[in-house]
Structure formats: C-alpha cells, structure tokens
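Before any comments, here is the structure.
The values are calculated or read from the model by the stated rules, or taken from the named source; none is laboratory data. Here the structure is a predicted model, which means the values were calculated and not measured. Cβ sites come from the backbone with ideal geometry, for glycine too, and all protein chains shown count toward neighbours. Note: areas computed on protein heavy atoms with side chains; ligands, DNA, RNA excluded. Shrake-Rupley method; radii C 1.70, N 1.55, O 1.52, S 1.80 Å.
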Amino acid sequence: PEGVTYKSEVVAGIEAIWALPVGADTSKVILYTHGGGFAVGSAASHRKLAGHLAKHLGVTAVVIDYRRAPEHPFPAQIEDATAVYRDLLSRGYKAQDITTSGDSAGGNLAIATVLKLRDDGVPLPGSVIAFSPWLDMEHVGMTLETNAATDALVGKGILEAMSGMFLGEQGSRTDPLANPLKANYKGFPRLYVNAGSNETLLDNATGLASIAKDAGVQVTLSVVDGMQHVFPFLAGRAVEADEELRRIAKWFKGS
C-alpha cells in the first residue's frame with residue numbers, strides 16, 4: 001500500500017512489524033495475527049494485508065511473529081498474542097481502541113485471544129475482524145466437501161496435517177481456545193467476519209457468525225461471491241478486495 005511505512009520492534013519479547021499509515025490515528029491499533037496453518041507465514045509475509053487494513057481504517061497495526069507449530073504447539077500462539085495485547089495496554093492503549101484481526105489460522109487466533117483475555121478478566125478489545133477464519137479442528141464442515149472443487153488453496157488433507165501439528169500430543173480438537181466454534185461468546189466484542197463463496201472453510205465463517213449472533217454479539221458477516229480463501233490479500237490488485245476493505249472501514253468507523 002502507498003503511504004504506509006513499516007517498523008520492526010520486539011513487543012513483549014516477540015518479534016513484530018508495525019504498519020504505520022501516513023496520518024493514522026496513533027491512539028488506535030490493530031493486533032494482527034497472520035495465517036499459515038499455525039506453522040508457516042510471518043509478520044513479513046502478511047505486512048501487506050495488515051498495511052492495507054490499517055490504511056483503510058485510519059489506524060496503526062502491529063503484526064506479530066508468534067511461535068509456530070510444530071516446534072511450539074497450542075497454546076503457545078495464544079500465549080504470545082495475549083502477551084502482546086497486555087503490553088499494548090501497558091503502553092497506554094485503551095482496550096476499546098485495540099482491534100484484534102487475522103486471517104485463516106490467524107483469524108482463529110484473533111478470536112481465541114479475546115476468549116482467553118475474557119477468561120483471564122482482562123479488558124477486551126473494541127472489535128474483532130476475521131478474514132476467512134479457520135476454526136474447525138474436527139474437520140466436519142460441509143463446505144470442506146461441497147467446495148472442494150472450487151477452492152484453489154485449502155483442502156481437507158492440508159487442514160488435517162496442520163491441525164495435527166498445531167494441537168500436538170496434548171491439544172484437544174474441541175477445546176474452545178483451539179476450536180472457537182465450541183466457545184461461548186457471551187460479552188464478546190463486535191465482530192466482522194468474511195469469507196469467499198468458493199472456499200472450503202466458508203462454513204467456519206458462517207457458523208461463527210451464527211453462534212456469536214445467538215450469544216448477543218453484534219456480528220457483520222460478509223461472503224463475497226466467487227472469491228477464494230483470504231481474498232483481501234488481493235488488495236490493490238482486485239476490485240473485490242478493495243471493496244471489501246472499504247466495507248470493513250465503513251463498519252469500523254460507524255462505531
């Protein structure tokens with residue numbers, strides 16, 4: 001994205017990259033957790049998407065290099081994300097001015113981090129934005145089968161391998177912090193969740209929206225026709241991605 005600079009920093013002992021759009025409101029920040037099945041990806045690989053998101057929202061973002069599987073299985077990733085969140089609070093950021101966001105496995109972490117903070121009695125962020133979140137560690141979603149032919153990236157075999165690395169020998173496929181489809185969303189912040197209609201993880205997004213809405217959460221669900229997994233990565237190159245980021249900005253600023 002044009003008009004965005006980046007800065008490396010260690011936050012709460014974790015390597016991170018800040019995305020700093022020109023003219024951004026520096027009192028507000030996105031805590032961004034990258035996708036990659038909990039095993040690949042980095043702050044560097046995802047700083048583009050975080051930069052576009054921060055620019056559209058008019059805030060800053062910090063993308064973290066949380067510990068990855070298989071060397072560091074669940075719940076190491078949540079421990080790192082919550083540590084960064086607490087560090088942001090200690091720096092003077094108000095909880096309501098923090099947004100957790102992420103894509104795919106990082107979308108899971110953006111949600112699970114908030115669930116863990118709630119369990120620990122920590123003030124919760126003002127909002128959560130999840131791009132194509134991967135939540136189902138049991139791999140029972142119908143769209144794994146019905147969209148298998150249209151998803152160009154994600155298949156059941158890949159998910160099974162990555163969930164095995166993520167959970168390790170001790171993790172449970174139904175632990176609400178690993179599988180947020182099993183969680184209670186009472187008191188959860190307002191939530192924006194999106195997906196592409198062609199992806200195998202579509203019903204992770206729609207299921208999350210339904211569960212959270214039933215718990216009284218303010219939920220906005222956006223399913224964009226013909227799009228793939230984490231299609232906002234195409235920001236700056238595809239009109240569908242740019243339009244989606246504008247919708248998210250309108251939602252964010254309407255608070």
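Quick notes on this structure:
- Which numbered condition Arg118 fails, given (1) in a strand (DSSP E or B); (2) surrounded by fewer than 24 Cβ atoms within 10 Å (Cβ to Cβ): (1)
- The single condition among (1) touching a strand residue (DSSP E or B) at 6+ places or on another chain (Cβ under 9 Å); (2) part of a helix (DSSP H, G or I); (3) crowded, with 18+ Cβ neighbours inside 10 Å that Ser101 does not satisfy is (2).
- Boolean, Gly168 is open to solvent by 10 Å² or more (accessible area, probe 1.4 Å) and either more than 17 Å from the chain's Cα centre (by Cα) or of a type in the set (Gly, Ala, Ser) (or both): yes
- The set of residues from the range 135-160 being of a type in the set (A, V, I, L, M, F, W, C), touching a residue at least 12 places away in the same chain (Cβ under 8 Å) and farther than 15 Å from Gln77 by Cβ comprises Met142, Leu144, Ala148, Ala152, Leu153, Val154, Ile158, Leu159.
- If you check Leu181, Leu208, Leu201, Leu153 for being within 25 Å of Arg47 (Cα to Cα) and open to solvent by less than 50 Å² (accessible area, probe 1.4 Å), only one passes: Leu201.
- Subset of the range 224-255 (residues that are surrounded by 15 or more Cβ atoms within 10 Å (Cβ to Cβ) and acidic (Asp, Glu)): Glu240, Asp242, Glu244
- The residues of the range 212-255 that are free of Cβ contacts under 8 Å to residues at least 24 places away in the same chain, among the basic types (Lys, Arg), more than 20 Å from Leu135 (Cα to Cα) and not in a loop (DSSP other than H, G, I, E, B) amount to a single one, Lys250.
- Listing of strands (runs of 3 or more DSSP E) fully contained in the range 12-90 that carry 1 or more residues being under 27 Å from Pro176 (Cβ atoms) and open to solvent by 20 Å² or more (accessible area, probe 1.4 Å): none
- Filtering the range 130-148 for residues that are open to solvent by 20 Å² or more (accessible area, probe 1.4 Å), acidic (Asp, Glu) and part of a loop (DSSP other than H, G, I, E, B) leaves a non-empty set.
- Residue within the range 176-191 that is in a loop (DSSP other than H, G, I, E, B), closer than 29 Å to Arg118 by Cα and free of Cβ contacts under 8 Å to residues at least 24 places away in the same chain present: no
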